[in-house]
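Student: Please find one structure pasted underneath; my questions will follow.
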């Protein structure tokens, strides 16, 4: 597998309007009607995927291997949150991202995500036990 040439600074932004399905109550991660941490993490991961999407060659994918999340503030239903991911370091097959999630001017979360570049078909075959 030939590794793509990703450079630090690569970035992307994704947004979400919080719905009832995104809440801690709906996700089973708590009993409050605000953006649940699992959904916040999925949004942050989506931003990292978007950051590499234009440059990743066919047959190659990335998967998360490590996450560190600090969920700092609640976002109620109806609020629009935005995740901004920036690639900060490339170490062989490892891509290290810093992600901030904002609700307007409020910093909702800081997330550090490590993704690993993989051969997509080989990964799927291994996961299926082939």
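The values are calculated or read from the model by the stated rules, or taken from the named source; none is laboratory data. These figures come from a predicted structure and were not determined experimentally. Cβ: placed from backbone, ideal geometry, glycine included. Neighbour counts: every protein chain shown.
Student: Please state which of the following conditions residue 67 fails to meet, knowing it meets all the rest: (1) in contact with a helix residue (DSSP H, G or I) (Cβ under 7 Å, 6 or more places away or on another chain); (2) assigned to a helix (DSSP H, G or I).
Tutor: Unmet condition: (2).
Student: Go through the range 61-95 and give me each residue that's buried (at least 17 other Cβ atoms within 10 Å of the Cβ) and closer than 21 Å to residue 3 by Cβ.
Tutor: Of everything in the range 61-95, those that are buried (at least 17 other Cβ atoms within 10 Å of the Cβ) and closer than 21 Å to residue 3 by Cβ turn out to be 61, 62, 85, 86, 87, 90, 95.
Student: Taking the range 3-29, which residues are exposed (fewer than 14 other Cβ atoms within 10 Å of the Cβ), in a loop (DSSP other than H, G, I, E, B) and either more than 19 Å from the chain's Cα centre (by Cα) or modelled with pLDDT of 95 or more (or both)?
Tutor: Passing the criteria: 3, 5, 8, 9, 19, 28.
Student: Name the residue, out of 70, 98, that is in contact with a strand residue (DSSP E or B) (Cβ under 8 Å, 6 or more places away or on another chain) and within 14 Å of residue 115 (Cβ to Cβ).
Tutor: Selected residue: 98, the only one of 70, 98 that is in contact with a strand residue (DSSP E or B) (Cβ under 8 Å, 6 or more places away or on another chain) and within 14 Å of residue 115 (Cβ to Cβ).
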